[in-house]
Every structure is written in C-alpha cells, then in structure tokens.
Amino acid sequence: MKAIEARDVHLSFGETPALRGASISVAPGEIVAIMGPSGSGKTTLLHCLAGILVPDAGEIHFGDHRIDTLSENQRSVLRRDEFGFVFQFGQLVPELTAEENVALPLLLGGVKRTAALGKARPWFERLGLAGLERRRSGELSGGQAQRVALARGLVARPGALFADEPTGALDSLTGEQVMDLLVASAREQGTTVVLVTHEARVAAYADRQVIVRDGKVNALVHS
Amino acid sequence: MTLLGLLDREPSHGYDLKRHYDTFFSRGKPLPFGQVYSTLGRLARDGKIVVGEVEPGEGPERKRYVITERGATEVESWLTEPVEAEPNLQTVLFTKVVLALMLGRPAEEYLDRQRAAHLRRMTELTELRRNGELVDVLLADHGLFHLEADLHWIDTTVARLDALRKVVRK
C-alpha cells in the first residue's frame, strides 16, 4: 500500500488555470472522494495524481517516488504496473470479450494469455457477472459493463485505483451496486482509491471527502 | 399512530406491540412500556381500540387490544394523507446564511462545515446500508436522499453567495 500526494500543484490549459496550488494527501489504503462543481479542476487533479497529466509546477508523489519528473514512457509503465482506472463510461475495448477486457492490464504487462484469463475469470463470479465472460461490451448493460471495467481496474492488484465518475452513467441503484463492489474489493486488496464524483451519495462511500474549488483543494473540516 | 397502525395488522398484546415497534420503527430508541400502555389507554378512551379477550393471568400484557372501525378509518386516512413537505432544516440554514451575510461573517465557511457534517452523516448511513438488514437500508436511504437534497441546496447557495451578499447588505 502506498500513499499518494500532490504538493502545491499548478496547471493551466493555455491561458486558463485549472489548478492553482492544489495539495492533497491520500494515506495508504485510504478511499478519498474528490468533489466539486463542474470545471473546478477535480478531474485535472485526478489526472495529475495518476500521472496522466504533468503539472506546470508542484510535485506529485506515489509512495517513495516523485512521478511528475518521470518521462512519458516511465509514467506509462507506472500507470500500467501500479495504477488501475475506472471511467464514467467503462471504455471497454469493443472488439474484445468481457474476460479479455478484464485481462487486458495483465496482457499489456506481459502475462501470458492463459494465465491472464485465469486471473480475470474469478472476477466474474465475484462481481455477479458469471456467465458473461464471452460477451462483448455491446452485449452488456451499463451496470454490467461498469463492473467489467471495475474488474479490469483491479485485476492486476494495483497500488492505487483512480475512478472518475464511476457511476455517472448509471441509475442510482446500479450505481450503488458498483460502489459497494468497488469499496469491498479495494478494501480486500488494500488498494488506495481516489474517486472523483459530483454525487454526494457516491462520495459517502469514501473514508474522507475533499472539495476542489477554483483549482484548490478544500479539506472539509468536521466541527 | 404507529401503534394504531400495528393494531390494524392484527390484534396484539402490549408486549408484542412494543417488540414490533422497536424492531421496525424505534431507530435505536426503544419505546418505554409506560408509553405503550398510556398510548393504548388514550386510544381506548377515544374509541379507536378496545380490549379484546383477557387471557388468564395478571398484568396488562395479558390484554389483547383490537382496533375498532373508527381506529381503522383513522389509520387509512393518515396513510393516504401526504406528509407536509416542511423544509425545517432549510429554514434554519437559510436563516444562518442570510444572517451571516448580513453580519459580514464567512457564510461559505459555515456552509462548508454544514456540508462536512452532512457528508459525515451520509458516510455513517452508507455504512449502515452496506451492512444492515433491508429495513435498515430503507431507513438509511430515506436519510441519504434528504441529506443529498440539502447538499444540492448548499452547493447552489455557495454558487450564489456573491449575488446574495449584495441583496442582503443593501
């Protein structure tokens, strides 16, 4: 389990500042929800923490490593080996079956196909998807596809899982099922989770919530 | 009304009524026996229930209470009448925000504290619904949806604070 930290991060898109001194620290194994209004910079912050974007100034740390100074290739390897991702619309590869989608991070990491599929298959039972292993994404409901995406995000036992509006495209009951599974699986594996959401009901699954406003992180103080 | 409603389901002893009430409605605060029997006494006085067969033995718990037609009618109309949509909390929050702005106090900070308190309660309720029985899930859902509505209001109000400040500080 590793901690994730952003220190005084600034990032602009052209003339438009997205982050203006954002700092956040996520403890190993912690589940933190980043909330905030549209355009506040919460997804940009997630992308910086996950090594997708490089800040103009400030530092990003994952465990003992500073990741904002790594090359594009090094960050790519880090994302593949250490991070899992779940996005709003699943973003499954339509040409692959569900089990191949789940196995994808392992296949990309060099695991042999049989072994990768062997690790992918137990996730179907675990997430209530048994029998859907050979379906393609077009043959899955939104909730099923998102559970496949969740399995894909966790199959390689990543140190951190980054989830951007993971229930945004689902109805509330299906979204809650996905969140139940996400939290249970992450806790079981000890995965640190950073979750971006604008929904308070989703954020309530986290151990802690922060608000991003005007490119800065506001840690909510409990009185 | 809850005890009367439980009697509309089936005639019951005071002890069973308390047990059913505590199981489904008490939210962790068991109903005192004294309150059960004083309520039953009032309902009997008002003709909404009657004491049915008295079983052999001592003590009030031996009495079986039966709902009357009048009682059943009251339960029916209570069930069909919507609860007044009274936003109690909103009134308090609204007053706090407007007063804070009038007094030049940090309304946004107050609202953030309220947001934190709401989210903490929502986290507790989410934990309850993840581990609880279906009845707990339904109760938690009710709380969660209401707290979520308050949070929407808080978000919208925060976004409008500057405009609101100009209005109230005229």
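The values are calculated or read from the model by the stated rules, or taken from the named source; none is laboratory data. Note that the structure is predicted; figures quoted are calculated from it, not measured. Note that we place each Cβ from the backbone using ideal geometry, even for glycine, and neighbour counts take in every protein chain shown.
Take the range A:8-18 and flag every residue that is crowded, with 17+ Cβ neighbours inside 10 Å and either among the aromatic types (Phe, Trp, Tyr) or closer than 18 Å to A:Thr69 by Cα (or both).
Taking the range A:8-18 as the starting set, the residues that turn out to be crowded, with 17+ Cβ neighbours inside 10 Å are A:9, A:11, A:18.
Once the filter is applied, which keeps residues that are crowded, with 17+ Cβ neighbours inside 10 Å and either among the aromatic types (Phe, Trp, Tyr) or closer than 18 Å to A:Thr69 by Cα (or both), the range A:8-18 yields A:Val9, A:Leu11.
Among what's in the range B:130-170 and is among the basic types (Lys, Arg) and surrounded by fewer than 14 Cβ atoms within 10 Å (Cβ to Cβ), pick the residue that is nearest to the other protein chains (Cβ to nearest Cβ).
The initial filter retains those residues of the range B:130-170 that are among the basic types (Lys, Arg), namely B:130, B:160, B:165-166, B:169-170.
Narrowing the set further to residues that are surrounded by fewer than 14 Cβ atoms within 10 Å (Cβ to Cβ) leaves B:160, B:166, B:169-170.
On the way: B:Arg160: 12, B:Lys166: 20, B:Arg169: 23, B:Lys170: 27 Å.
Only one residue tops the list, namely B:Arg160.
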remark   = Of the residues in the range A:19-38, those that are of a type in the set (A, V, I, L, M, F, W, C) and away from chain B (no Cβ under 14 Å) come to A:Leu19, A:Ala22, A:Ile24, A:Val26, A:Ala27
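Tally the residues that are assigned to a loop (DSSP other than H, G, I, E, B) and free of Cβ contacts under 8 Å to residues at least 40 places away in the same chain, restricting the search to the range B:1-32.
Pass one, the range B:1-32, residues assigned to a loop (DSSP other than H, G, I, E, B): B:1, B:10-11, B:25-32.
Then drop every residue that is not free of Cβ contacts under 8 Å to residues at least 40 places away in the same chain, which leaves B:10, B:25-26, B:28-32.
Matching residues across the range B:1-32 total 8.
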ask   = In the range A:74-84, is there at least one residue being touching an Asp or Glu at 6+ places or on another chain (Cβ under 8 Å), crowded, with 21+ Cβ neighbours inside 10 Å and closer than 22 Å to A:Thr191 by Cβ?
value = no
task = Only residues that are surrounded by fewer than 20 Cβ atoms within 10 Å (Cβ to Cβ) and farther than 15 Å from A:Arg121 by Cα: list them for the range A:144-163, please.
result = none
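Which is at pLDDT below 95, aliphatic (A, V, I, L, M) and touching a Leu at 6+ places or on another chain (Cβ under 9 Å), of A:Leu53, A:Leu92? Give the steps one after another, and end with the answer.
On the way: A:Leu53 fails: at pLDDT below 95.
Among A:Leu53, A:Leu92, only A:Leu92 is at pLDDT below 95, aliphatic (A, V, I, L, M) and touching a Leu at 6+ places or on another chain (Cβ under 9 Å).
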task = Find the residue count for the range A:153-180, including only residues that are of a type in the set (A, V, I, L, M, F, W, C) and modelled with pLDDT under 90.
result = 4
message = I'd like the full set of residues that are among the polar types (S, T, N, Q) and more than 14 Å from every other protein chain (Cβ to nearest Cβ), limited to the range B:94-117.
response = B:Thr95
remark   = Of the residues in the range B:28-49, those that are touching a helix residue (DSSP H, G or I) at 6+ places or on another chain (Cβ under 7 Å) and loosely packed, with under 15 Cβ neighbours inside 10 Å come to B:Pro30, B:Phe33, B:Gly47
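The rows are residues; the columns are (1) within 12 Å of another protein chain (Cβ to nearest Cβ); (2) over 11 Å from A:Val86 (Cβ atoms); (3) not aromatic (Phe, Trp, Tyr).
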{"site": "A:Ala163", "(1), (2), (3)": "no, no, yes"}
{"site": "A:Pro166", "(1), (2), (3)": "no, no, yes"}
{"site": "A:Ser172", "(1), (2), (3)": "yes, yes, yes"}
{"site": "A:Glu176", "(1), (2), (3)": "yes, yes, yes"}
{"site": "A:Leu182", "(1), (2), (3)": "yes, no, yes"}
{"site": "A:Arg187", "(1), (2), (3)": "yes, yes, yes"}
{"site": "A:Ala204", "(1), (2), (3)": "yes, yes, yes"}
{"site": "A:Gln209", "(1), (2), (3)": "yes, yes, yes"}
{"site": "A:Asn218", "(1), (2), (3)": "yes, yes, yes"}
inquiry  = Which numbered condition in (1) part of a helix (DSSP H, G or I); (2) loosely packed, with under 13 Cβ neighbours inside 10 Å; (3) at pLDDT below 75 is the only one that B:Leu79 fails?
reply    = (3)
task = Check off (1) at pLDDT below 90; (2) assigned to a helix (DSSP H, G or I) for B:Arg105 and give me the number that stays unchecked.
result = (2)
task = Could you check A:Thr197 against (1) surrounded by fewer than 23 Cβ atoms within 10 Å (Cβ to Cβ); (2) touching a residue at least 40 places away in the same chain (Cβ under 8 Å); (3) under 30 Å from B:Arg113 (Cβ atoms); (4) within 14 Å of chain B (Cβ to nearest Cβ) and say which number it fails?
result = (1)
